[in-house]
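The values are calculated or read from the model by the stated rules, or taken from the named source; none is laboratory data. Computed from a prediction, not measured in an experiment: that's the story for all the values here. Here the Cβ positions follow ideal geometry from the backbone for every residue, glycine too, while neighbour counts run over all protein chains shown.
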Amino acid sequence: MVTRKTAEQIKEEILFHLNNEPISIEQLRKKLDSNWSTTNNYLEELSREGKVKEIISADKAKIYQRIFGDTYFDIPISLEERKKFRTLFSLIIKKYKEMNKIPNKTQLAKTAVKVIHSPESGLTELPTVWYLYGLIPLMIADTSQDYQEEFVFEHKQKIINIIEVFIIENQDKKTKQIQKEQHKEYNDRLYQLSDDFLELIGKNSWDNNKIFEVLNEFFIVCPLNEEFKEVFNFTERFISTIRKLSHFDKLENNKTKILLTFDALWKFIATYKFYETISLKRKFSDKNLLNLYLGNAISVRKSCAEESLSDLYSIYLSKLDNKELELAPETEKVREIMQGWTGGD
Amino acid sequence: MNKASFLDTNVIIHYVNYKENKSIDIITKCYSYISDKQGKFIICYATLNELFDVIKKRAIIYKEVLAKVENPNHSFEKNKSLSKRDISYAEKLYLTNKQIELKKLNEILASEREIFEIKIEQFLKYQLDEKVIPIETINIELVNKIREIILNYADCKILASAFQLQNERDIFKFVTADKTDLDPNSYEYLKEHLELSKLSSLSKKPKFPELVNLMFEN
């Protein structure tokens, strides 16, 4: 006798199929051996319950993604990875508590990265990514969670030792300093330059030469990727607008706008960096799949950066006067070489 | 009254590149044409977009040069945004400047580029009188017809914009410094081609702007 599955069983089955990647209704329908309309109804129910979300919708080509809510952009990780992350977070929080400290989110994340990137931990396969504030675990480090040890680590004692050393070394440091040191330790120049730039424009009196020096290096280090041309185009535009503005107004007068624009630009760059680092991992090498997770975030951040840059550019244009600006003598050779170049083929 | 001038992108770029007593002939001609302004200056939005594309491309060329100074094994050819012509300029820049310390060269290039950009923006703000034919209103039928003769799509959009405007206005001048596609003979040929094509979007007896190709002017 064939027993009919209950609605809950079917929904569980749908969630199981969505564990590893987003799937279209058509694919799900086949896996469930059901029809399109029934599958769609269950998915809509799960969506209302906050367990799945529709990420692409074009007529009948709807694609759904499972929401775990514990990884950045809901990027899927395996059950084992999830257990390892939770266990690691649990060990870290426990160690902090033993040392009479309570870690904040950054401390928890940065300690986890330190462990994962230490070969002796045996956890180097756990995914970490570059994002807004540097290198972080793909699973969100949430200090409000009651993490438990769900996995038996082979090198548990070594892991605890790494955690302890990290806590001792960083106990008197502020969050920002821990972040900056991490950018140096893992040698990402772009993040270091972002730190330097923010430090310079945080001062009361601005040194344009130093600011330009940092931005010039930012220009060199900024990735130039054919798929994400805007990362370089926007960065270049930000740098050139600031440099040009300095001819017509004191940069400090535009501090808020410069800060806001850099913030919007950095969010876009960091989301790209996230995409770049995660796409290097074999599991996420399918760019079409990755675009389903990150496409929307990249697109929103791109629009925000573009809008902010446009505002900054308007400020520059409003200050632009018609005074004659002369080329510095050392640049004349460059101008001489480029004089026949009009950008045409 | 002086006829208005509809300016091609290359004329503005040459004007901006001018350096007293140090510029090649065509740059001096373009500089003089704009400095001794007679009549209104008009550009189309396709030209405006092209100017911003030129700015972006110059930045990419400079970034590539800096990358090669930093690492001589860096290859310009890998950058798909650069044409062969762009690469030849990048190579010249690299060969001339490779001995300069990276940090210093970076500042030199940034400084040259900012003056280049400011001059374009000053031109747009203080010398330009009118921007015409928004991109979405460019007549595609006309663009495609021009493309049967001229391969560069960006050039076709600029010419189509000029021809569209001409059919609504008194005769103006189309001012260019393009020596390959828009020499006087090629322009005559293009006009005949369009007249014979009897495009629905052009009037029976279409009007064409008067060509001023500064490459061929004394």
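Please work out which residue is nearest to the chain's Cα centre (by Cα), limiting yourself to the range B:66-82 and to residues that are at the interface with another protein chain (Cβ under 8 Å from one of its Cβ atoms) and modelled with pLDDT under 95.
Residues of the range B:66-82 that are at the interface with another protein chain (Cβ under 8 Å from one of its Cβ atoms), as a first pass: B:66-67, B:70, B:79-81.
Those left that are additionally modelled with pLDDT under 95: B:79-81.
Values: B:N79: 22, B:K80: 21, B:S81: 17 Å.
The extreme case among them is B:S81.
Can A:L108 be described as of a type outside the set (D, E) and either under 27 Å from A:S285 (Cα atoms) or in the same structural domain as A:L289 (by TED's automatic domain parsing) (or both)?
Working: of a type outside the set (D, E): yes; either under 27 Å from A:S285 (Cα atoms) or in the same structural domain as A:L289 (by TED's automatic domain parsing) (or both): no.
Considered against the rule, which asks whether it is of a type outside the set (D, E) and either under 27 Å from A:S285 (Cα atoms) or in the same structural domain as A:L289 (by TED's automatic domain parsing) (or both), A:L108 comes out as no.
Any idea which of (1) within 13 Å of another protein chain (Cβ to nearest Cβ); (2) modelled with pLDDT of 95 or more is the one A:D188 doesn't satisfy?
Checking A:D188 against (1) within 13 Å of another protein chain (Cβ to nearest Cβ); (2) modelled with pLDDT of 95 or more, the one that fails is (1).
Could you check B:Y18 against (1) in contact with a Cys (Cβ under 8 Å, 6 or more places away or on another chain); (2) exposed (fewer than 13 other Cβ atoms within 10 Å of the Cβ) and say which number it fails?
It fails just one condition, (2).
Only one of B:L105, B:L95 is surrounded by fewer than 17 Cβ atoms within 10 Å (Cβ to Cβ), under 25 Å from A:F232 (Cα atoms) and at pLDDT 95 or above. Can you tell me which? Reasoning before the result, please.
Working: B:L105 fails: surrounded by fewer than 17 Cβ atoms within 10 Å (Cβ to Cβ).
Sole residue among the options that is surrounded by fewer than 17 Cβ atoms within 10 Å (Cβ to Cβ), under 25 Å from A:F232 (Cα atoms) and at pLDDT 95 or above: B:L95.
Hey, does the range A:71-84 have a residue that's touching a helix residue (DSSP H, G or I) at 6+ places or on another chain (Cβ under 6 Å), of a type in the set (S, T, Y) and free of Cβ contacts under 8 Å to residues at least 60 places away in the same chain?
no
For the range A:261-306: of the residues being touching an Asp or Glu at 6+ places or on another chain (Cβ under 8 Å) and aromatic (F, W, Y), which is surrounded by the most Cβ atoms within 10 Å (Cβ to Cβ)?
A:F268
Looking at the range A:223-257, which of its residues are under 18 Å from B:I61 (Cβ atoms), within 9 Å of chain B (Cβ to nearest Cβ) and in contact with a Leu (Cβ under 7 Å, 6 or more places away or on another chain)?
A:F232, A:R237, A:I239
With the checklist (1) surrounded by fewer than 21 Cβ atoms within 10 Å (Cβ to Cβ); (2) in contact (Cβ under 8 Å) with a residue 60 or more places away in the chain; (3) in contact with a Lys or Arg (Cβ under 7 Å, 6 or more places away or on another chain) in hand, flag the one item B:H74 doesn't pass.
(2) is the only condition that B:H74 fails.
Residues B:E136, B:E121: which one is acidic (D, E), in a helix (DSSP H, G or I) and more than 13 Å from chain A (Cβ to nearest Cβ)?
On the way: B:E121 fails: more than 13 Å from chain A (Cβ to nearest Cβ).
Selected residue: B:E136, the only one of B:E136, B:E121 that is acidic (D, E), in a helix (DSSP H, G or I) and more than 13 Å from chain A (Cβ to nearest Cβ).
In the range A:257-274, how many are over 14 Å from A:Y313 (Cα atoms) and either of a type in the set (V, I, T) or modelled with pLDDT under 95 (or both)?
Matching residues across the range A:257-274 total 2.
Is there a residue being within 14 Å of chain B (Cβ to nearest Cβ), of a type outside the set (F, W, Y) and surrounded by 16 or more Cβ atoms within 10 Å (Cβ to Cβ) anywhere in the range A:205-213? Working first, answer last.
If we filter the range A:205-213 for residues that are within 14 Å of chain B (Cβ to nearest Cβ), which is where we start, we get A:208-213.
If we keep only those that are of a type outside the set (F, W, Y) too, we end up with A:208-211, A:213.
From what's left, surrounded by 16 or more Cβ atoms within 10 Å (Cβ to Cβ): A:211, A:213.
Yes, the range A:205-213 contains a residue that is within 14 Å of chain B (Cβ to nearest Cβ), of a type outside the set (F, W, Y) and surrounded by 16 or more Cβ atoms within 10 Å (Cβ to Cβ).
Going by the structure shown, is B:L93 in contact (Cβ under 8 Å) with a residue 24 or more places away in the chain, facing another protein chain (nearest Cβ under 7 Å) and under 23 Å from the mean Cα position of the chain (by Cα)? Step through it out loud before you land on a result.
Working: in contact (Cβ under 8 Å) with a residue 24 or more places away in the chain: yes; facing another protein chain (nearest Cβ under 7 Å): yes; under 23 Å from the mean Cα position of the chain (by Cα): yes.
Yes; evaluated as a whole, the condition is true for this residue.
Just name the residue that is nearest to the other protein chains (Cβ to nearest Cβ) out of those in the range A:307-345 that are within 37 Å of the chain's Cα centre (by Cα) and surrounded by fewer than 17 Cβ atoms within 10 Å (Cβ to Cβ).
Once the filter is applied, the top-ranked residue is A:L317.
If I ask for residues that are touching a strand residue (DSSP E or B) at 6+ places or on another chain (Cβ under 6 Å) and assigned to a helix (DSSP H, G or I), which ones from the range B:185-215 would you list? Talk me through it step by step, then tell me what you get.
Filtering the range B:185-215 for residues touching a strand residue (DSSP E or B) at 6+ places or on another chain (Cβ under 6 Å) gives B:187, B:209-213.
B:Y187, the sole residue that qualifies.
Tell me whether the range B:48-65 contains one or more residues that are closer than 22 Å to A:F234 by Cα, more than 8 Å from every other protein chain (Cβ to nearest Cβ) and aromatic (F, W, Y).
The answer is yes; a qualifying residue exists.
Go through the range B:21-41 and give me each residue that's basic (K, R) and either in contact with a Gly (Cβ under 8 Å, 6 or more places away or on another chain) or in a loop (DSSP other than H, G, I, E, B) (or both).
Keep residues of the range B:21-41 that are basic (K, R), which gives B:22, B:29, B:37, B:40.
If the condition is that a residue be basic (K, R) and either in contact with a Gly (Cβ under 8 Å, 6 or more places away or on another chain) or in a loop (DSSP other than H, G, I, E, B) (or both), then B:K22, B:K37, B:K40 are the ones that fit.
Give A:K83, A:K11, A:K30, A:K95 a once-over and let me know the one that is part of a helix (DSSP H, G or I), of a type in the set (D, E, K, R) and surrounded by 19 or more Cβ atoms within 10 Å (Cβ to Cβ). Walk me through it before giving the result.
On the way: A:K83 fails: surrounded by 19 or more Cβ atoms within 10 Å (Cβ to Cβ); A:K11 fails: surrounded by 19 or more Cβ atoms within 10 Å (Cβ to Cβ); A:K30 fails: surrounded by 19 or more Cβ atoms within 10 Å (Cβ to Cβ).
One residue alone meets the criteria, A:K95.
Results for (1) among the acidic types (D, E); (2) at negative phi, shown as yes or no for each residue.
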| residue | (1), (2) |
| --- | --- |
| A:E26 | yes, yes |
| A:Y42 | no, yes |
| A:E49 | yes, yes |
| A:R66 | no, yes |
| A:G69 | no, no |
| A:I77 | no, yes |
| A:F85 | no, yes |
| A:S90 | no, yes |
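Using the structure shown, decide if A:E276 is among the charged types (D, E, K, R) and within 14 Å of another protein chain (Cβ to nearest Cβ). First the steps, then the outcome.
Values: among the charged types (D, E, K, R): yes; within 14 Å of another protein chain (Cβ to nearest Cβ): no.
No: the conditions fail for A:E276.
Looking only at the range B:5-20, which residues are in a loop (DSSP other than H, G, I, E, B) and within 9 Å of another protein chain (Cβ to nearest Cβ)? Spell out the reasoning first.
Filtering the range B:5-20 for residues in a loop (DSSP other than H, G, I, E, B) gives B:8, B:17-20.
Residues satisfying the conditions are B:N17, B:Y18, B:K19.
Within the group B:I100, B:I108, which residue is hydrophobic (A, V, I, L, M, F, W, C) and outside any loop (DSSP other than H, G, I, E, B)? Write out each step before concluding.
Working: B:I100 fails: outside any loop (DSSP other than H, G, I, E, B).
Being hydrophobic (A, V, I, L, M, F, W, C) and outside any loop (DSSP other than H, G, I, E, B) holds for just one of B:I100, B:I108, which is B:I108.
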